[in-house]
């Protein structure tokens with residue numbers, strides 16, 4: 001891999017334009033860019049994950065999740081085979097809206113991909129003094145994420161699978177504190193033995209290094225982003241010319 005380094009602001013701006021060229025709406029491409037940058041600057045291989053999904057996003061029209069079930073604080077969203085980059089904000093906003101009222105909620109997203117990108121949305125929502133738990137299956141193990149109210153970083157752990165559930169499903173639980181969520185949704189949080197965890201100290205170190213030394217990104221990915229950005233620039237130029245002739 002040939003790598004280069006860019007600033008956080010430069011990368012964020014490029015990603016926003018790239019997602020815009022892929023058909024993301026204004027709010028969506030801002031959120032998607034933030035999700036990618038957060039993972040990439042905290043040691044979660046955000047850019048490798050993005051590179052793996054860009055071809056799919058480049059050949060399909062953006063789609064959001066559909067609410068297919070709702071009952072007393074329990075919701076099921078159908079992700080329609082799309083990426084969390086598109087439906088993650090929708091899922092977290094739904095969970096957050098219930099928690100803000102002092103209630104707890106369970107949001108299950110089926111048929112979705114790239115679920116690790118959800119971390120940034122959970123961290124941002126937790127700044128409203130809310131707590132979140134989330135978990136999903138990753139290959140043959142389970143990932144559990146815990147975000148305490150106002151926390152800047154998540155507790156990120158991997159566990160053995162204790163139940164067989166859809167490999168393309170994400171579950172999010174929201175409330176006012178972590179202990180309450182652990183107790184209320186205990187039956188949904190029965191996991192096997194813990195395999196590993198990713199220390200917050202390492203997340204912090206990655207972030208500080210990214211700010212001080214620049215964010216390292218694969219040249220191939222950067223060139224792909226440049227190509228996508230050029231689409232938006234060309235379209236804007238053509239629209240300006242057309243408007244000038246009116």
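Residue 165: within 24 Å of residue 79 (Cα to Cα) and in contact with a helix residue (DSSP H, G or I) (Cβ under 7 Å, 6 or more places away or on another chain), yes or no? Spelling it out, it is not the case that residue 165 is within 24 Å of residue 79 (Cα to Cα) and in contact with a helix residue (DSSP H, G or I) (Cβ under 7 Å, 6 or more places away or on another chain).
Residues in region 1-31 that are within 14 Å of residue 224 (Cα to Cα), modelled with pLDDT of 90 or more and not in a helix (DSSP H, G or I): 2 in all. If you check 39, 50, 54 for being assigned to a helix (DSSP H, G or I), closer than 19 Å to residue 227 by Cα and under 13 Å from the mean Cα position of the chain (by Cα), only one passes: 50.
Check every one of the strands (runs of 3 or more DSSP E) wholly within region 88-168 and list those with 2 or more residues that are assigned by TED's automatic domain parsing to the domain that holds residue 194, modelled with pLDDT of 95 or more and closer than 22 Å to residue 24 by Cα.
Values: elements: 105-113, 131-138, 141-147, 155-160.
Per the criteria, 105-113.
Please verify whether residue 40 is in the same structural domain as residue 225 (by TED's automatic domain parsing), touching a residue at least 12 places away in the same chain (Cβ under 8 Å) and over 16 Å from residue 121 (Cβ atoms), treating the condition exactly as stated. Answer is no for this residue.
Checking residue 212 against (1) closer than 25 Å to residue 11 by Cα; (2) modelled with pLDDT of 95 or more: exactly one of these is not met. Which one? The single condition residue 212 does not satisfy is (2). A count restricted to region 179-204 and to residues that are closer than 18 Å to residue 47 by Cβ and assigned to a helix (DSSP H, G or I) stands at 2.
Scanning region 139-155 for residues that are closer than 19 Å to residue 113 by Cβ and touching a helix residue (DSSP H, G or I) at 6+ places or on another chain (Cβ under 8 Å) yields 143, 145.
Based on what the data block shows, is residue 34 more than 20 Å from residue 230 (Cα to Cα), under 14 Å from the mean Cα position of the chain (by Cα) and in a helix (DSSP H, G or I)?
yes
State whether one or more residues within region 118-138 are over 16 Å from residue 188 (Cβ atoms), in contact with a strand residue (DSSP E or B) (Cβ under 9 Å, 6 or more places away or on another chain) and exposed (fewer than 15 other Cβ atoms within 10 Å of the Cβ). Yes, region 118-138 has at least one match. Considering region 68-78 alone, what residues qualify as being in contact with a helix residue (DSSP H, G or I) (Cβ under 8 Å, 6 or more places away or on another chain) and at pLDDT 95 or above? Result: 75, 77.
The values are calculated or read from the model by the stated rules, or taken from the named source; none is laboratory data. The shown structure was predicted, so the numbers you read here are calculated from the model rather than taken from an experiment. So basically every Cβ, Gly included, is an ideal-geometry build from the backbone, and we count neighbours across all protein chains shown.
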